[in-house]
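**Student:** Structure incoming, see below.
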Amino acid sequence: MPTNSQPAGFWKRNQMKIAPYVFLAPGALMFLIYVLIPIVQSIWISFQDWDGLGPKTWVGLANYVELLDDDTFYVALKNNLLWLGLYLLAIPMGLAAALFLNQNVWGIRLYKSLFFFPFVISQVVVGLMFTWFYAPDFGLFSQAIKWLTGSEVAILADERYVTYGIIAAGLWPQTAYCMILYLTGLNNLNAEQIEAARMDNARGWRLLRHVILPQLAPATFIAMVVTVIGALRSFDLVSIMTAGGPYGSSQVLSYFMYEQALSEYGYRMGYGAAIAVVLFLIMMVFITLFIVRMIAQERNR
């Protein structure tokens with residue numbers, strides 16, 4: 001006997017279209033609340049004069065004008081660019097470590113654990129370790145320099161070397177992070193492409209450049225973005241090792257922002273927010289350029 005079929009409900013008719021948005025909604029809501037809204041609020045506060053508790057006073061571009069006349073800002077900006085240029089060394093160093101560890105030999109798990117160790121310890125611990133490492137009286141580095149040259153060098157007390165010393169401390173765990181990304185990528189390589197390349201007599205650098213590195217592009221992208229962000233927000237090590245000294249020579253934008261907004265310098269939230277906005281724009285410029293380059297490379301394949 002024929003039965004009267006009920007029309008399908010809205011959910012059943014559109015389930016395949018709606019389901020992805022349902023699953024994305026919680027993450028999108030969290031991103032909106034904890035990322036997008038704070039960014040907009042920071043930009044808004046950068047146009048205000050505010051101590052964090054009292055009423056806000058609209059000052060327009062006054063914070064940015066003052067920032068452009070602040071010598072400390074240019075010192076911090078120069079150091080951040082230096083951080084960015086040298087911190088990117090973590091990517092090729094991480095790749096080299098991953099290629100070295102991606103082999104089946106006795107004891108390789110122990111070596112992987114030793115290389116992975118810097119990534120799991122706190123930046124505070126890294127800062128303290130390198131502070132002792134550079135200490136003029138008993139630090140291993142200072143003793144080695146004294147043995148080689150006959151004179152001691154106080155890395156963290158010398159305006160010429162202090163920023164390089166802090167960057168070297170930051171490169172240690174950052175290289176370990178990049179190594180982990182590349183090890184994951186190496187474990188997912190297409191073995192057929194590699195075998196075909198070897199049959200075509202591709203070895204060494206040619207194999208790495210034309211076969212392996214293109215397959216590691218996703219890992220390179222993540223490593224690049226995380227390294228750029230880490231270089232530009234280099235607060236922890238500067239705070240622990242030098243607090244911006246000596247004489248402000250190791251100052252970076254993130255620590256300069258903290259000093260102006262939250263330290264004894266005056267709780268200038270608006271001025272600190274202006275520094276944060278400048279830092280955010282610099283970060284977005286570098287990341288956007290890299291994303292555009294990645295998209296262009298994908299389209300040319």
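Rule-based calculations on the coordinates, nothing more; no lab input. This structure is a prediction, so every number in the text was calculated from the model and none was measured. Cβ: placed from backbone, ideal geometry, glycine included. Neighbour counts: every protein chain shown.
**Student:** So what are the three principal axis dimensions of the stretch 158-252 from its Cα atoms, in whole Å, longest to shortest?
**Tutor:** That works out to 60, 21, 15 Å along the principal axes.
**Student:** Dividing the convex hull volume of the alpha carbon atoms of the stretch 239-279 by its residue count, what do you get in Å³ per residue? Could you put the intermediate results ahead of the total?
**Tutor:** Working: hull volume 2.6 nm³, N = 41.
About 63 Å³ per residue, rounded to a whole number.
**Student:** Turning to a different aspect of this structure: Size of the stretch 16-68 along its principal axes in angstrom, Cα-based, largest extent first?
**Tutor:** 53, 25, 13
**Student:** What's the ranking of 16-23, 60-67, 221-228 by average number of surrounding C-beta atoms within 10 Å, highest first?
**Tutor:** Answer by packing, highest mean first, reads 221-228, 60-67, 16-23.
**Student:** For the residue pair F290 and A62, what label-to-label distance in nm results when each label sits 7 Å from Cα along the Cα-to-beta-carbon direction?
**Tutor:** 3.8
**Student:** Moving to a separate point now. For the chain, place one equal point scatterer on every Cα, skip the solvent, and apply the Debye formula. What is log10 of I(q)/I(0) at q = 0.09, 0.12, 0.13 Å⁻¹?
**Tutor:** Ignoring solvent entirely, the Cα scatterers give -0.64, -0.99, -1.10.
**Student:** What residues qualify as long-range amide H neighbours of Q48, i.e. H under 5 Å apart, gap of 5 or more or another chain, H built at 1.01 Å from N?
**Tutor:** V59
**Student:** Could you give each residue of the stretch 23-39 its phi-based ³J(HN,Hα) in whole Hz, using Karplus coefficients 6.51, -1.76, 1.60 with θ = phi - 60°, and x for Gly or Pro?
**Tutor:** 5, 7, 4, x, x, 5, 5, 5, 5, 5, 6, 9, 10, 5, 4, x, 4
**Student:** Given points 7 Å out from each Cα along the Cα-Cβ axis, report the V125 to W44 separation in nanometres with one decimal.
**Tutor:** 4.1
**Student:** Can you give the extra length, in nm with one decimal, that the chain gains between Q215 and L89 once fully stretched, where that is 0.36 nm per residue apart less the Cα-Cα distance? Write out the running numbers ahead of the final one.
**Tutor:** On the way: separation 126, 0.36 × 126 = 45.36 nm, distance 2.02 nm.
Fully extending the segment from Q215 to L89 adds 43.3 nm.
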